[in-house]
1. Would you check which residues across segment 91-106 are assigned to a loop (DSSP other than H, G, I, E, B) and either among the hydrophobic types (A, V, I, L, M, F, W, C) or without any contact (Cβ under 8 Å) to a residue 12 or more places away in the chain (or both) and list them?
2. For segment 253-263, check the following and say yes or no: at least one residue is at positive phi and small (Gly, Ala, Ser).
3. Could you run through segment 91-102 and say how many residues are farther than 18 Å from PHE255 by Cβ and not charged (D, E, K, R)?
4. Just to be sure I understand, how many residues within segment 207-234 are buried (at least 18 other Cβ atoms within 10 Å of the Cβ), under 30 Å from LYS302 (Cβ atoms) and of a type in the set (A, V, I, L, M)?
5. Just checking, how many residues over segment 263-311 are crowded, with 16+ Cβ neighbours inside 10 Å and of a type outside the set (A, V, I, L, M)?
6. What are the pairs with Cβ atoms under 6 angstrom where one residue, in segment 72-89, is on the phi < 0 side of the Ramachandran plot and at pLDDT 80 or above and the other, located anywhere, is of a type in the set (Ser, Thr, Tyr) and not in a strand (DSSP E or B)? Sequence gap at least six, or different chains.
Amino acid sequence: MSLSKWFQQAKEAGQSAFSKTTEVIGSGVGFVTETIGNTKIFGSTESSDSYDSEKTDEKHYFLIPDRLSEFGYSLYTMRCLPDGVPPINDLPKARFFHLPNDHALPTVEKILLTEAESDAEAEESSPTSIGNRLHELADQVDRLDSKVFNGVLIIGGLVALINPIAGAAVAMKALLPSAGLILSKYGLKYAGETATNMEAQSRIKAAQKDVLQQFKESNTHSLANPILGQLDKALETEEEEYDPILDFDLESLDFGTQGKQRLLKLTCQAILNVYSETLKNKKTWKEASLGPEDIRFLELLKGIAEDKPVS
C-alpha cells in the first residue's frame, strides 16, 4: 500500500488505521512528558463530542499550577479533535491559552526563554497588542512541541505508523499503553518496511509543516480558567484558609467562551495528567504544597475527567 493511500485513508475514514491509532493516543490513557531544566512540559491528544456549535480542531495550552516545577507551573499542550476526525483534516483551527489568572502570560514566556532562546526565537514582547503577543507565544510553543515530542501532537499516529523508531520513542514516553500489541494491531510492522523511503519521510515533514501552518493562521485566544485559578489559590493556602471544593460550583463556572463542558473536561484531564505521578507518591505532597483539601480537590477533578457524577 502506498503512502498516498495511507493519507487518503486518514482523511476519508474515521475507522482508518490513522484514526484508530489517534483514538488510542487520545483516549485519556497516555501522555508525553519531558523536563526542560526544572520545568515540566506535557502533551497529549484528546477527542471530544461536546461542541456547542461548529466543530473545530483545537490546540490548548494550559499553565498548570505545579509547585514541583521550576516556576511553580508546568506547561501542558493538548490537541483536541472531534470524535472520529483524523489528525489531518480540513476543520477550522483554533488555539487557546488557559491561565490561572489574567496576569500569568509572563510565566509562559519565562518557560519558553528558559528552554532555549534559539528555539523560542526569544525577543522582547511586542508592545502592539495582546492578540499579537498571544499569537507569537502560541507559535513558540508549537515549535517547542515539534522539537520535544517529534510531531506526535500535530499529526497523531502518523509518525508512529511510518517511522517505527519514532513509535518506539513514543512508547518509551508511555504514550501508548501496550506498544507491542498496538504496533502489531495497526499494521506498523508493514509501515516499518517503508521507513527507509526518503519520500515517506519527506511527506511526513510536509504534513507536519502544513498542519502547523494551519494553526499559525488560526485565531488565538486567552482565558482565565477558573479551575486553574482555584488550584493555584489552593496551593498557596492552608485548609482552614481556603478549601477549593467549597468554592467549586459547576453551574457558575465561566470559561469566557463556548464549549463549557468540553473545556471543563479537558482542563481536568490536563491537571490529572500533570499530577498523576505526584498523587502516587505521598512523600512528594509536602514539597508540592498539597494538603488534604488539595488532594480531595484533585480527586474531584479526576472524577470529572472520568465522567463520574459530581455530588
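1. Residues of segment 91-106 assigned to a loop (DSSP other than H, G, I, E, B): 91-92, 100-104.
Answer for segment 91-106, where residues must be assigned to a loop (DSSP other than H, G, I, E, B) and either among the hydrophobic types (A, V, I, L, M, F, W, C) or without any contact (Cβ under 8 Å) to a residue 12 or more places away in the chain (or both): LEU91, HIS103, ALA104.
2. The first filter runs over segment 253-263 and keeps only residues at positive phi, leaving 256, 259.
If we keep only those that are small (Gly, Ala, Ser) too, we end up with 256, 259.
Yes, segment 253-263 contains a residue that is at positive phi and small (Gly, Ala, Ser).
3. Residues of segment 91-102 farther than 18 Å from PHE255 by Cβ: 91-93.
From the residues that got through so far, the ones that are not charged (D, E, K, R) too are 91-92.
The number of residues fulfilling the criteria is 2.
4. 4
5. So the count comes out to 13.
6. Sorted first by the residue in segment 72-89, then by its partner, the pairs are TYR73/THR107.
The values are calculated or read from the model by the stated rules, or taken from the named source; none is laboratory data. Predicted model only: the values in this text are computed from it and were never measured. Positions of Cβ are backbone-derived with ideal geometry, glycine not excepted, and every protein chain shown enters the neighbour counts.
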